[in-house]
1. Take each of the peptides 174-185, 152-163, average the number of other beta-carbon atoms within 10 Å over its residues, and list them starting from the highest.
2. Calculate how many DSSP beta bridges within the chain are antiparallel, expressed in % of all such bridges and rounded to the nearest 5.
3. Would you mind checking the radius of gyration and Dmax of region 188-304 based on alpha-carbon positions, in Å?
4. Could you state the number of Å between the C-alpha centres of region 174-223 and region 353-381?
5. In whole percent, how big is the carbon plus sulfur part of the accessible area of the chain, probe 1.4 Å, protein atoms only?
6. Report, in deg cm²/dmol and to the nearest 500, the calculated mean residue ellipticity at 222 nm for the chain, where each DSSP H run with n ≥ 4 adds -39500 (n - 2.57) and the sum is divided by the residue count.
7. For a label point 7 angstrom out from the Cα of Ser86 toward its Cβ, which stretches of region 356-381 have the backbone nitrogen within less than 17 Å?
8. Highest first, please rank the peptides 27-36, 305-314, 277-286 by the mean number of other Cβ atoms sitting within 10 Å of their residues.
Amino acid sequence: MSEINFDPIVLTQSLVKCSSVTPKDEGALKVVESHLKAIGFDCYPLTFSGNGSYEVKNLFATIGNNGKHFAYAGHTDVVPVGNENSWKFPPFSATIEDGRLYGRGSEDMKSSVACFISATKRYIDEYNEIPGKISLIITGDEERDSVNGTPKILEWASKNNYKFDHCLVGEPTSKNEVGDKVKIGRRGSISFFFQVKGIQGHTANSHLAENSAHHLVSLLNSILEKPLDEGNENFLPSSVQIATIDIGNTVQNVIPELSKATVNIRFNDMHSSDSLIQWVNDKIEKIFAKLENASCTYTYDANADSFLNKPGLLYDVISKSISEITGKNSNPEKATDGGTSDARYIKNYCEVIELGLRNHTLHKVDEFAYTEDIIKLEKIYFQILQNYFK
Ligand SMILES: [Zn+2]
């Protein structure tokens, strides 16, 4: 068990040293809990399981009284290290060299969790009392299924009458310097797994067979024919990508019976999972309705719908706090790009904005965070608490 130390860099190191590759925890949540308890938080470790996914440890912690309720959401799980031999330092050693703190999870997003805990500690030390409530929603499953993590913590909180007014998610959102970019929404994601069935035969006797690959190619062509949209003021254009095409034919003289493909779509708020399923159905209908000897079936995995939060009070507080710390007057960019995050669940409960470190090495070999960025992020989080409860 690591010592209690609220220095955001030391605390980040304590967290990085726990090899919490989803769904393993390896003590990471205990580090969070012991620090929050030391400040006076009520801590509720929450283990959830079921719904076709593995068991996950999570933590909900809360402090304060009636008044505005500020929530911070983050995760302590990390993605696998990949080839460990390619790392400059062991990925869970949290080694600091030349102002960089190396380790899996250093950028995504243990440093942010550490910064928020440090900022809260400083805020409570300075003001003694919170004119409202601060809660932390910390999951051990953001990087994989996200089934027994944030969505279930939120349900649990709601059942126990915790209502959040605003939520800050600490994912790494910044670009060139800390605070130059926040996220106010995200694109949605859906994958389609197509399987086309024809009739197997000799390539020399094509009239006796039906080539599944040809019809799959037609389908994929029609899907890629023209862009789904041109984007809008808040979102980039939706993106349709073939992830894989699998026929698995090992010889040249057999017409394949089965051909498969996976297509992933990252879509903006001009579409929904339902509208895209309909769009795919229409494409399939057009190509296969007239074919007697070939058919297409598919399954899909709708990971997330897109969402957009109209910037409100939280954006104003965050924007003001960033400029007070960085001395820059320009408002942070309001972005909706990148992958999904647990903000997609929180948006159903309150205004949510994501703000964290620079996004540059996450999920890579030699992931690191600049120690000066960690210090700056802690200051910004402190300023946000100060301005929010003013
Ligand atoms: Zn993350």
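The values are calculated or read from the model by the stated rules, or taken from the named source; none is laboratory data. Please read all numbers here as calculations on a predicted model, not as lab measurements. In this analysis, Cβ positions are derived from the backbone assuming ideal geometry, glycine residues included, and neighbour counts consider all displayed protein chains. We work out accessible area using only protein heavy atoms, side chains counted, and drop any ligands, DNA or RNA first. Shrake-Rupley method; radii C 1.70, N 1.55, O 1.52, S 1.80 Å.
1. Working: 174-185: 20.7, 152-163: 15.5.
Result, highest mean first: 174-185, 152-163.
2. Numbers: 52 of 73 bridges.
Looking only at bridges with both residues in the chain, the antiparallel portion is about 70 percent.
3. Both quantities, over Cα of region 188-304: 15.8, 54 Å.
4. The two parts, judged by their Cα centres, are 34 Å apart.
5. That share works out to 46 percent.
6. Numbers: 9 runs with 113 residues, N = 390.
Per the formula, -9000 deg cm²/dmol.
7. The answer is 360-368, whose backbone nitrogens lie closer than 17 Å to the label point.
8. Details: 27-36: 22.0, 305-314: 17.4, 277-286: 14.3.
Averaged packing, sorted descending, gives the order 27-36, 305-314, 277-286.
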